[in-house]
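A quick write-up on the structure given underneath.
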Amino acid sequence: MNYSVFEVFRIGIGPSSSHTVGPMIAVNRFLLEIEKRGLIKQVAEVQIHLFGSLALTGKGHGTDYAVIAGLVGALPDQVDPASIIPLVESIKQTGRLMLMNTIEIPFDFNKHLVFHNHQSLPQHPNGMILQAFYDDGDSLHRNSYFSIGGGAVLDEQEILRTTKTSAIVKETPASTPFWFDNAADLLRMGNEKNLSIAEIVWGNELRYQNAQETRSKLLRVWDVMNASIERGLVTEGMLPGGLKVKRRAHLLYKQASTVGGKLSSDFQSMDMVSAFAIAVNEENACGGRVVTAPTNGSAGVIPAVLSYFTRFCQQQRTKTEIEDNIIKFLLTAAGIGMLYKKNASISAAEMGCQGEIGVSCSMAAAGLAAVLGANNEQIENAAEIAMEHNLGMSCDPIGGLVQIPCIERNSMGAVKAINAARLAMMHEGGHIVSLDAVIETMRQTGVDMQSKYKETALGGLAINVVAC
């Protein structure tokens, strides 16, 4: 499967790409399937059944709110995040909702939104079944959907086609200029055609839209990332959800940037990187606008590292040069992210947090190495080093909220990414562990990891720290 850059970087809302963005998209797909049959006005009732991780941590991750907003017709990249809570509270009070803003139907949260906490669908741990009924109770439409990570959604037929048993032969579309399945392919093509990883990804992206549209969309991705940093750096207060976690990006940034501040020192840039990463994920925890990079839970790593580059590594550049470097960073990072999507997973429900923070750290290291002048082999090495030191990380959110330890992990991932890029660029000669080997190791580790450590809030910190 070939991926677009914008399947790696999706503009959405917090707090979770797999639990918020994905379910909202799934609901919209379900309703569009009904609409295409000309039956939307005949829907008298809908039911949503959530399974596995979607059920176990759905309420903490905002799945219930995302599903209801999706039924009304909201899309993650277009909805005003501030409108969702008032909308859902109104539906709770009235027991009615406007399906696709077209037809009013009854909606009872206890009857029509069902959390199957002790059951998982066999195809994927983030599963949901949607059903629509005529007014006589007969089934109008039914389909199953799976939120496979980063906001990506497959229905029952699509996920069957992507399993290894049903896709033994991989097609290589002739329309893809630079088809690659792994990092070895990227390095080989780069050497044969004298292209950087960013140029390879750019060439493939032009299948979907022209150069100007691609450039504009990439810069919009950065604008949204940067805006989430800026909002997070100036906002104070408590995060929602009951853990009573105080927002601290504002104070951390102030301490790091003020002359004579508590953190003002030779490590100022690293302290600011931590503030940038935490700022984004505090915004995410509040259900704000963020970019999946490649997921919401890891949305702060790449913006923080790219901000590190734009603020501390670029001097006296023109606006065009700055934009060119931002695009190079994002294209390179996306190319690495595609390898994880192709050969493992970016879903914490499958891989644990190594599939989120680990992957974002790997992507960020590659992107930073690219804009610092690394060659393709050094970029691949940076991505490998970053993931190698995130292997085995579990996903164990306290209270099922994307807050502890998730927010701090973005800070740690960003700092690791910078270190990985620097290590790779200081290294001369080949390296023993390839990126392809570490991706396969991550996949195997995720398969072997007990399910309680994979976004279920049934293991690790989630049960050893009491959530008040």
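The values are calculated or read from the model by the stated rules, or taken from the named source; none is laboratory data. Keep in mind that what you see is a predicted model, and the values were worked out from it rather than measured. All Cβ positions, glycine included, derive from the backbone under ideal geometry; neighbour counts span all protein chains shown.
Could you grab me the full set of residues in segment 428-454 that are closer than 13 Å to A383 by Cβ and not charged (D, E, K, R)?
Of everything in segment 428-454, those that are closer than 13 Å to A383 by Cβ and not charged (D, E, K, R) turn out to be H431, V433, S434, L435, A437, V438, I439, M442.
Can you list residue pairs whose Cβ atoms sit under 9 Å apart, with the first residue in segment 182-199 being in the same structural domain as E384 (by TED's automatic domain parsing) and the second being hydroxyl-bearing (S, T, Y) and part of a helix (DSSP H, G or I)? Count only pairs 6 or more apart in sequence or on different chains.
S196/T332; I197/T332; A198/T332
Just give me the residues in segment 428-458 being surrounded by fewer than 13 Cβ atoms within 10 Å (Cβ to Cβ), assigned to a loop (DSSP other than H, G, I, E, B) and in contact with a helix residue (DSSP H, G or I) (Cβ under 9 Å, 6 or more places away or on another chain), in sequence order.
G430
Check off (1) surrounded by fewer than 16 Cβ atoms within 10 Å (Cβ to Cβ); (2) part of a loop (DSSP other than H, G, I, E, B) for A74 and give me the number that stays unchecked.
Result: A74 passes all but (1).
In the set A299, A279, which member is outside any helix (DSSP H, G or I), within 26 Å of H61 (Cα to Cα) and among the small types (G, A, S)?
Of A299, A279, the one residue that is outside any helix (DSSP H, G or I), within 26 Å of H61 (Cα to Cα) and among the small types (G, A, S) is A299.
What number of residues within segment 283-319 are within 20 Å of K416 (Cα to Cα) and either among the hydrophobic types (A, V, I, L, M, F, W, C) or buried (at least 21 other Cβ atoms within 10 Å of the Cβ) (or both)?
Total meeting the criteria: 20.
Quick one: which residue in I327, I278 is surrounded by 24 or more Cβ atoms within 10 Å (Cβ to Cβ) and touching a residue at least 12 places away in the same chain (Cβ under 8 Å)?
On the way: I327 fails: surrounded by 24 or more Cβ atoms within 10 Å (Cβ to Cβ).
Exactly one of I327, I278 is surrounded by 24 or more Cβ atoms within 10 Å (Cβ to Cβ) and touching a residue at least 12 places away in the same chain (Cβ under 8 Å), namely I278.
Which residues, taken from segment 345-359, are touching an Asp or Glu at 6+ places or on another chain (Cβ under 9 Å), closer than 16 Å to F146 by Cβ and small (G, A, S)?
S347, A348, A349, listed by residue number.
Looking only at segment 23-69, how many residues end up being part of a helix (DSSP H, G or I), touching a Ser or Thr at 6+ places or on another chain (Cβ under 8 Å) and farther than 18 Å from G151 by Cβ?
Looking only at that region, the number is 3.
Evaluate segment 203-213: report whether one residue or more is more than 21 Å from S362 (Cα to Cα), in a strand (DSSP E or B) and either touching a strand residue (DSSP E or B) at 6+ places or on another chain (Cβ under 8 Å) or modelled with pLDDT of 95 or more (or both).
No, segment 203-213 contains no residue that is more than 21 Å from S362 (Cα to Cα), in a strand (DSSP E or B) and either touching a strand residue (DSSP E or B) at 6+ places or on another chain (Cβ under 8 Å) or modelled with pLDDT of 95 or more (or both).
Let me confirm something: among A366, A386, which residue is crowded, with 24+ Cβ neighbours inside 10 Å and without any contact (Cβ under 8 Å) to a residue 40 or more places away in the chain?
A386
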